[in-house]
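A quick write-up on the structure given underneath.
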Amino acid sequence: MLDVNEIEKLFTRTSGEYTFARWGRAISPVVFGINDETLKVVKGAIEAVCLVSNHHMAETDPELGSNAMFFFFSDWAELLDVPKLDVLVPDLAAMVARVSAADANQYRVFRFDEEGAIKACFTFIRMDTHLRDVPAETLALSQAVQMMVLWSDRAFLQVSPLAVMDGGGVIVKPEISGLLAAAYDAVMPVAASDPSHALRLSARMPRKQ
């Protein structure tokens, strides 16, 4: 299992700030740019991660309709042609220019409510050569994990949050699913900026028997 220092690193940004947030409402996903078969895979992955997190989904969000939007595409410039996306994502053109220059294949934009909880997440996935070789189940589950809380910008750059089972399928690593469950404990805050929050998460992590 993760120790407190490892937990703290997962929510400490490159700038040195400890920043945590979780969803404060039910997740209502919508997915663009994939076929119906892959859509089922993506929604199934979100359901699975919500289950291990003790969070929940809903058909619609009363404020936004859909609050978890996934966009699959082949070129970042395609986003500039999506109607009204620039309303949902401020400075869309600047974002597209920045991630294009970095040759990124994924990017997430979070929006927060007045308490600091996540109220919306926009996940952008450019299907480059690398991602096209990743099984749909693996890609979907990884993206679902990364939208459940506000992780550090360095989290999972070197180590995946997923584990491969003997049969060839993938699951969320037990230490990550345990951390998500701890993060969504009803007594825990929806947002935190003090590293002592990591101590509280650690205290709620499952222990090896």
Completion exercise
quick note, the chain, DSSP beta bridge pairs, % antiparallel (nearest 5) is 55 percent
Exercise for the section: Just need log10 I(q)/I(0) for region 70-193 at q = 0.11, 0.15, 0.19, 0.23 Å⁻¹, Debye formula, equal scatterers on the alpha-carbon atoms, no solvent, rounded to two decimals. Expected result: -0.45, -0.83, -1.21, -1.45
Completion exercise
Per GNM of the chain with C-alpha springs under 10 angstrom, the most fluctuating residue out of Asn54, Asn105, Asn35 is Asn35
Handout entry: Principal axis dimensions, the chain - Cα atoms, whole angstrom, descending
Key = 50, 44, 35
Handout entry: Pair-distance profile P(r), taking every C-alpha pair of region 48-111, with 10 angstrom steps and integer %
Key = 16, 45, 26, 13
Exercise for the section: Between Gln146, Gln158, Gln106, find the one with the highest GNM mean-square fluctuation for the chain; connect C-alpha pairs within less than 10 Å. Expected result: Gln158
Completion exercise
The longest stretch of the chain containing none of the GluC sites (Glu not before Pro) that sit in a DSSP loop with at most 13 other Cβ atoms within 10 Å is 116-209
Exercise for the section: Among Tyr184, Ala136, Ser15, pick out the residue whose Cα is farthest towards the positive end of the charge dipole of the chain, where Lys and Arg carry +1 and Asp and Glu carry -1 on C-beta, about the Cα centre. Expected result: Tyr184
Fill in the blank from the handout: Using alpha carbon centers only, region 139-209 is separated from region 25-99 by a whole-angstrom value of 20 Å
Exercise for the section: Compute the Rg to Rh ratio over region 1-63 from the alpha carbon atoms, using the Kirkwood formula for Rh, and round to two decimal places. Expected result: 1.09
Practice task
Evaluate the relative contact order of the chain (contact order divided by residue number), counting alpha-carbon pairs under 8 angstrom at least 6 apart; express in whole percent.
Solution key: 34 percent
Exercise for the section: Describe numerically, in nm with one decimal, the distance between label points set 7 Å from Cα along Cα→Cβ at Phe110 and at Asp185. Expected result: 1.9 nm
Completion exercise
Any trypsin sites (Lys or Arg not before Pro) in region 82-186 that lie in a DSSP loop and have at most 15 other Cβ atoms within 10 Å would be Lys84, Arg154
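None of the figures in this text is laboratory data; all of them are computed from the coordinates on show. Bear in mind that the values here come from a model prediction, so they are computed numbers and not experimental data. So basically every Cβ, Gly included, is an ideal-geometry build from the backbone, and we count neighbours across all protein chains shown.
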